[in-house]
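A.B. asks: Below you'll find the structure I mean.
The values are calculated or read from the model by the stated rules, or taken from the named source; none is laboratory data. Remember, it's a predicted structure, so these values are computed and weren't measured experimentally. Cβ placement follows ideal geometry from the backbone for every residue including glycine, while neighbour counts extend to all protein chains displayed.
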Amino acid sequence: MEDIALGTQLNEPLKGYKRIYVDNDIFSYPAGVWSKNGELRASLTPNAEISIQINYNCDVFIMGDTWSSYRTKSVEVFVNDVYNGEFTQTYPNVRTFNVLCYIIKDLKSGDVIKLYPKGLNNANVAMGFHGIDFKIKRDFLIQQGVEVYSIDHNYIKLGEPVSDQQLNQWFELYGYEDIGILLEDSTRRTVSSQKEQDVYETRSIDFNKFLGNVEIKELTDTSDNVSYDSSPFKILDDIKQINNGKFNVLVKK
């Protein structure tokens, strides 16, 4: 995800994101929506609730306004009724609209976000909520003939899936979110490793393209990424060397 700080003003969504304002029917809240100075927003009193229905696999930015003495000290965030964290809307003494207040990653279609304003500085005002920015999560793999390949900063053969369940598992483990990586020039390749009986096993490393400087990054309790320097490459050039360059793009969202 983009390296962006909470409290950043985003008058327009970041590239790849879309904005949904508070008048959309994915939101429900006890107070009405109103507009002031061209800014559409909902205001909530203490212990009220905003409910947000998620309809895509996506990352979400919670957008609102900030004010030093007229906004919540704390807003609690729940996903599917499980506590996720909290954020403040009391930033420096300037009122600012379209502010990134909170980030929730890897949401699934059907998830429900709930926001609960707490700890007000002023009993008559509460949370200023504008809506959400969201980025749909897509995972890409490449198929050449019957073989499926990962494009996560390398071109790695996964094999021929024996079932839809295995293919879905490969999307989860090896899918990459940006098909544009096929055209990127790079000098560093990445190989995923999975833990099997306390031993991490990587996909094959082509030592004809290996130049050293190995780094290992832990992703989860059962998977790592192994990256290393390589001669300059473009994944599309690797694709062209197989099956006369013919391929299909597989996508899951």
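A.B. asks: Does residue 134 satisfy being within 26 Å of residue 112 (Cα to Cα) and under 19 Å from the mean Cα position of the chain (by Cα)? Step through it out loud before you land on a result.
C.D. replies: Numbers: within 26 Å of residue 112 (Cα to Cα): yes; under 19 Å from the mean Cα position of the chain (by Cα): yes.
Yes, satisfied.
A.B. asks: Tell me the residue from 205, 235, 216 that is of a type outside the set (D, E, K, R), touching a Leu at 6+ places or on another chain (Cβ under 9 Å) and either modelled with pLDDT of 90 or more or farther than 30 Å from residue 56 by Cβ (or both), please.
C.D. replies: Values: 205 fails: touching a Leu at 6+ places or on another chain (Cβ under 9 Å); 216 fails: touching a Leu at 6+ places or on another chain (Cβ under 9 Å).
Among 205, 235, 216, only 235 is of a type outside the set (D, E, K, R), touching a Leu at 6+ places or on another chain (Cβ under 9 Å) and either modelled with pLDDT of 90 or more or farther than 30 Å from residue 56 by Cβ (or both).
A.B. asks: Exactly one condition in (1) at pLDDT 85 or above; (2) in contact with a strand residue (DSSP E or B) (Cβ under 9 Å, 6 or more places away or on another chain) is false for residue 119; which is it?
C.D. replies: It fails just one condition, (1).
A.B. asks: Ok, one more. Could you list, in sequence order, all residues of the stretch 14-27 that are under 14 Å from the mean Cα position of the chain (by Cα) and within 21 Å of residue 53 (Cβ to Cβ)?
C.D. replies: 17, 18
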